[in-house]
Structures are given as structure tokens and as C-alpha cells.
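In what follows, a structure is listed as C-alpha cells, so that the remarks can point back to it.
The values are calculated or read from the model by the stated rules, or taken from the named source; none is laboratory data. None of these values were measured; they are calculated from a predicted model. With ideal geometry, Cβ positions are generated from the backbone for all residues, glycine too; neighbour counts draw on all protein chains shown. These accessible areas exclude ligands, DNA and RNA; they are computed on the full protein's heavy atoms, side chains included. Shrake-Rupley method; radii C 1.70, N 1.55, O 1.52, S 1.80 Å.
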Amino acid sequence: MIAEVSEYGQIFSASFDPIGPVGSGSTVYDSYVSSSLGSLVSDLESLVNDAGTSASILSQSDTQLRTRFSVNQLEFTLTQTLSNALSSSSVVTGSVLTQEFAIRNLTNVPVSFDMFRYMDGDLYLTDQTLDDGGGVIQAGGQVLPYQTDLLDGQTAENTFLGITATGGNPVTSGRFSVNDCCGLDLPLDDMVENDFDNDGVIDQAYDVTLALRNTFVVPVNATQTYTTTTIWGSGEVPTPGSSENLPLLPDNTTMVGNIPVWTFEIPVVSVTEPVWIDPIVAVGYTYTVTGNAFAAVIAPSLATIPDSDGTYTISFDGMTVDILAGETYFFATPVTSFTLTGIDIGLDIDPLDPLAFPTGVIFATLGTATVTQTPITVETSTPPIPLPASVFLMLGGIGALPILRKLRSA
């Protein structure tokens, strides 16, 4: 896969070669991130240009581009990283572009604003028309608007394109839209156009566009993270919690001092398939469950978390074992609590990024599990520098997605 992106997070085009007999084809007409920082909602490039400034390139490679720019005394550090999309069993199913915006408030007052992710995807894969199917999946704190080349009954030969966005404060209305081309149509209406039976799936194809809204209040001299992903894949659209790339987010957060405790309410429908959860990152976590027990834990793969030694320590019931990145450890007897440590402190991952450290767990019984995850933190002498969630890519393999930077004049 090859995508062309700008220093401000705009995707100009993307060609995807899906797994299976379907050949390579164009998938994206236009995609960008907009904000309400100006008098009107506008894309970030226009806001920067209107301020008479431009973006600085911090670093770049075939699979990553890091830039920095400012809008109204907010400093944006944008890290765009390509990785493989993985199934629950770590099988490559496509590609993921992760665009992480670390937003720092340089003013002397809190700043409130909205961030909007817009996608005009045209899937020329299983057919050569502008009309696509799609819909929205909502679960576990995630909202995934998506497009497909078919309305229903996808098979492994079919393809999809989906977007996610996390960060900021909870949005109870005006969160998403799936509607007709073209342009960011505000306010978002939380509707799927041509969904006649209200099941969240398009029933009559059209030229589909997708949008998501997140809202922020950034305190003085603070940094918050906005992360949006684009997922290209084959077969069925993944449900939240089914993979490292699309983990469940917490249902609730309780602050104990300055340490957040994240709570997940998880319906357990399988005792063999893992569920992926992902709160903030630190040097370790303590996991507890009520109403169920942990049968196994899966460490994140190196493709997701490039930990320096690729080794973690699991502690439970007075015992400790070391496991490798991506390894599944089955407890001899299911446990209700364990601790995972050994996260490389040098990663300095943003502690407010909800997509920083996905962990897989397999439960012992069916039913409902309430899981809490509490970070183990340390003080460092320097402030954290946001790093991408993954920097490795199997170039030339299925789902490979090099970045080509597109420079544009003001």
C-alpha cells in the first residue's frame, strides 16, 4: 500500500493491495483533520497558512513522518506512522496509518476547541464505481465509521476502510456522521445515511464520506493527545476489542490522587478469543477482574510497542514469569489479578494517549467481566516526548504502506 500525506495530516491518495485475489486499487480521494481553533472550522493546513506560518519537518522515513506547526499559540507535534493491521491472532490483515497530534497550550489561559476527522473514501477495488456501502460500529468507547465495496455479506475477498479518533473529553452528541459526498458537513448528526432499518449499516449504496468529532480543553502549559487512525483491511470489519489496532477503551476513569484507574465492562462471549484493552501507558500495570477470571494474557507485539528488549514480567500469586512481545501466557489456574512490568521507560509514551499500550486478555468463563487497569508510574527528569505506537513495518509484504510526503506551497 502507498499513501501520500502532508505535514498537517491530510491524505491525498492511498492505493491498497488487499489480501486475496482482489487487485490493487485507489481508496482515498481526500482526508484531513480540521479544528474549530479559528473563527470557522477549517483544516489544519489552512489555519496554519492563515497565521502566516508553516510546518517544520522533525524527521522522516519510508514509514514515518514527524512535523511541528503552530495555530493560535497551540503547538502541534504530529507523528504519522504506518504499521500492519493485525488480527487477534497477530495475522496481518491490512494496513494502519496512525496520526498522533500532541497539542501543547502555550497561552496563559485554558483553550477549548473541537477536532474533526474527515474522510472521503472512494473504493475502486471490487468495483469501479463511486458508490460504496458502510456504516458505523460503536462499542467499548470506540466509534468506527467505515466504508465497504459491498452493502452486506462481506467475504475475505472484500475490502473496507475505517477511521477512529481518540482523545479529549467525552462527546455525547454530534460525535460522527456517515453521509453523502462531499465536504465536512457540520454539525455532525450521529446518523448513517440510507440506513433504513436503523442497524448502523447502509442499505442503499452511495458516494460515502465519514467524519468524527472530538472536543478538548487544554490547560495552561499542558499537552493533550489527539490520535486518529485509518484502517485498510480485508474481510469483515473488525469489532472494537478484536485486535491490537482497535482495542476497547475504558468505560470509566477514577482518579486516585494523580493516578487514573481505568474500568472496562466487558461482555465475555468467548473463552478462546482474546479481548484487547488499552488505557494510558507507564512502566507497568496492575490488572484486576471481578465477575470472572483471567485465563491468559497477551503482551503487545513489537509492531505495536517497539520495546527495547521485547520482554515483560508477569507477576501473580507470588510468582513471576517473563514473556516476550506478542507472546500469550496461560495461567495454570485462572487468576483475578496480575501485574505486567518491564515497559521501557525510554519510550516516554504520552500518559494521556488511550492508544498507547494494548494488552490482550482471555477470560476463564462466559458472562460479564469488570476489569480495572492501574498504571505503575515513575518520575523522570525530562518531560515525555510523544512517540509513535509502532515504528516497524514489513516492507514489501501484505499491507506494506510507505509514506510519501507531499509539500505544498501556501
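Values computed for the structure shown
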{"quantity": "Test result for ASP30, exposed (fewer than 15 other Cβ atoms within 10 Å of the Cβ), touching a residue at least 40 places away in the same chain (Cβ under 8 Å) and either part of a loop (DSSP other than H, G, I, E, B) or under 22 Å from the mean Cα position of the chain (by Cα) (or both)", "calculated": "no"}
{"quantity": "Test: residue in the stretch 181-196 that is at pLDDT below 90, within 26 Å of GLY241 (Cβ to Cβ) and either outside any strand (DSSP E or B) or under 23 Å from the mean Cα position of the chain (by Cα) (or both)", "calculated": "no"}
{"quantity": "Pick from the stretch 138-166, criterion open to solvent by 20 Å² or more (accessible area, probe 1.4 Å) and within 19 Å of THR98 (Cα to Cα), ranking: modelled with the lowest pLDDT", "calculated": "GLY141"}
{"quantity": "Top-ranked residue in the stretch 244-273 [being open to solvent by less than 20 Å² (accessible area, probe 1.4 Å) and closer than 23 Å to ALA3 by Cα; ranked as modelled with the lowest pLDDT]", "calculated": "GLU244"}
{"quantity": "Extreme residue, modelled with the lowest pLDDT, among residues of the stretch 216-234 that are open to solvent by 10 Å² or more (accessible area, probe 1.4 Å) and of a type outside the set (A, V, I, L, M)", "calculated": "SER234"}
{"quantity": "Options SER35, SER54; residue that is in contact (Cβ under 8 Å) with a residue 12 or more places away in the chain, open to solvent by less than 10 Å² (accessible area, probe 1.4 Å) and touching a helix residue (DSSP H, G or I) at 6+ places or on another chain (Cβ under 7 Å)", "calculated": "SER35"}
{"quantity": "Restricting the stretch 40-87 to residues that are in contact with an Asp or Glu (Cβ under 8 Å, 6 or more places away or on another chain), closer than 30 Å to THR159 by Cα and β-branched (Val, Ile, Thr), the residue that is modelled with the lowest pLDDT", "calculated": "THR81"}
{"quantity": "Per-region count, the stretch 167-180, residues part of a loop (DSSP other than H, G, I, E, B) and either modelled with pLDDT under 90 or open to solvent by less than 40 Å² (accessible area, probe 1.4 Å) (or both)", "calculated": "7"}
{"quantity": "Verdict on LEU130 being in contact with a Cys (Cβ under 9 Å, 6 or more places away or on another chain), under 27 Å from VAL5 (Cα atoms) and either in contact (Cβ under 8 Å) with a residue 40 or more places away in the chain or open to solvent by less than 20 Å² (accessible area, probe 1.4 Å) (or both)", "calculated": "yes"}
{"quantity": "Strands (runs of 3 or more DSSP E) (entirely within the stretch 201-259) containing at least 2 residues that are within 29 Å of THR129 (Cα to Cα)", "calculated": "208-218, 223-234"}
{"quantity": "Some residue of the stretch 321-330 being more than 21 Å from ILE259 (Cβ to Cβ), part of a strand (DSSP E or B) and in contact (Cβ under 8 Å) with a residue 40 or more places away in the chain", "calculated": "yes"}
{"quantity": "Answer residue from the stretch 300-324, given it is buried (at least 18 other Cβ atoms within 10 Å of the Cβ), modelled with pLDDT of 90 or more and among the hydrophobic types (A, V, I, L, M, F, W, C) and is nearest to VAL283 (Cα to Cα) among those", "calculated": "ILE314"}
